[in-house]
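Remarks on the structure that follows.
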Amino acid sequence: MHTQRRLAKIAAALALPAAAALLAAPAHANDEVKFDMVRSPALHAFPYCAPLAKASVKIDSLGPVEEMTVSVEGLPPNTDFDFFVIQEPNAPFGMSWYQGDIETNAKGSATAKFVGRFSIETFIVAPGSVAAPAIHHNAVPDATLNPATGPIHTHHLGLWFNSPADAVKAGCPGAVTPFNGEHNAGVQVLNTSNYPALFGPLRLLKP
């Protein structure tokens, strides 16, 4: 009996640090959401433009930030693309934020990771208009003044060809869009239009 009591006390003592560690961990440290991106509806009139393009997305909550893993496939091989967080999936897209580049391998697939705020709290705000630097003067030049706006949530994702020439080579339209660092990108190829315009998939994660 005494031995059993001693063992019970030891087990309880060992359990206390483990319980304390769990309580100290962020409440949503293991939260995650998964969803797909689909071929942009604007490409329906171009059946030979990346017809097998698709992507899967996983977002893991790390507490103060999220980690987003994007895996694409069915795209042209060895080609650069630009990845954005956007207000609406289809044109005119609304407010948009440049997250980074995705470059496909010889099989037309790639995986990229981004760290930032990718949740229901993702938004852009401009309490007032101020001067902005004019750095690029391409087909879509930089604005020199921002519009004032209240908080606008950006819960959708989009992927653009980095180059109109690459888009044409893949059988896609050759329009020039502002969706790369120099504002001379090609057309959008993937987006999250499989979700409603006002309920993008980033809204699924609540930190």
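Working only within the range 114-141, note down all residues that are assigned to a strand (DSSP E or B) and without any contact (Cβ under 8 Å) to a residue 24 or more places away in the chain.
Matches in the range 114-141: Ala126, Ala131.
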Taking the range 158-207 as the search range and keeping residues that are in contact with a Phe, Trp or Tyr (Cβ under 7 Å, 6 or more places away or on another chain) and assigned to a strand (DSSP E or B), which one is farthest from Ile102 (Cα to Cα)? Thr177
Can you tell me which residues in the range 62-92 are of a type in the set (A, V, I, L, M, F, W, C) and within 14 Å of the chain's Cα centre (by Cα)? Val65, Met68, Val70, Val72, Phe81, Phe83, Phe84, Val85, Ile86
Just give me the residues in the range 79-122 being of a type in the set (A, V, I, L, M, F, W, C), within 19 Å of His183 (Cα to Cα) and in contact with a helix residue (DSSP H, G or I) (Cβ under 9 Å, 6 or more places away or on another chain), in sequence order. Phe81, Val85, Ala91
Subset of the range 37-60 (residues that are without any contact (Cβ under 8 Å) to a residue 40 or more places away in the chain and surrounded by 14 or more Cβ atoms within 10 Å (Cβ to Cβ)): Ser56, Lys58, Asp60
Could we say that Met95 is over 20 Å from Asn184 (Cα atoms) and in contact with a Ser or Thr (Cβ under 9 Å, 6 or more places away or on another chain) here? no
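Each value in this text was obtained by applying a stated rule to the coordinates, not by laboratory testing. From a predicted model like this one, the values you see are computed outputs, not experimental measurements. Cβ coordinates were reconstructed from backbone atoms using ideal geometry, including for glycine residues, and neighbour counts include every protein chain displayed.
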